[in-house]
Amino acid sequence: MTRPNLTIDDITIDCITSNLHLALRRETANILILGSLLCLAKKKIPHGGWRPWLKNNVSMSERSAQKCIEAAAYAMERFHEALQASVDREAP
């Protein structure tokens, strides 16, 4: 089965907006995964080895890595707060 040749006029702004939202959700999820993995790696690397490991193994600046770690920690804190609030509401 062949696909029709689409032109820019065939693509609606709603379709573009929908795809942008999907890409942003994926981007956010990837940042949180990166942050979680970087946090785990940082805990396993001996003192003083983080910067060299990051430079040699990950194509990311130390500042970007730290931002991902902070984002993941923030998301996890909010998740735990929401979970606790849910448990508190369900308690007799």
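The values are calculated or read from the model by the stated rules, or taken from the named source; none is laboratory data. All figures in this text were calculated on a predicted structure; none of them were measured in a lab. Note that each Cβ is placed from the backbone with ideal geometry, even for glycine, and that neighbours are counted across all protein chains shown.
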(request) Hey, can you tell me all the residues within the stretch 39-62 that are among the small types (Gly, Ala, Ser) and either touching a residue at least 40 places away in the same chain (Cβ under 8 Å) or exposed (fewer than 10 other Cβ atoms within 10 Å of the Cβ) (or both)? (result) Gly48, Ser59
(request) Answer yes or no: is there a residue in the stretch 45-53 that is at pLDDT 95 or above, touching a Gly at 6+ places or on another chain (Cβ under 6 Å) and β-branched (Val, Ile, Thr). (result) no
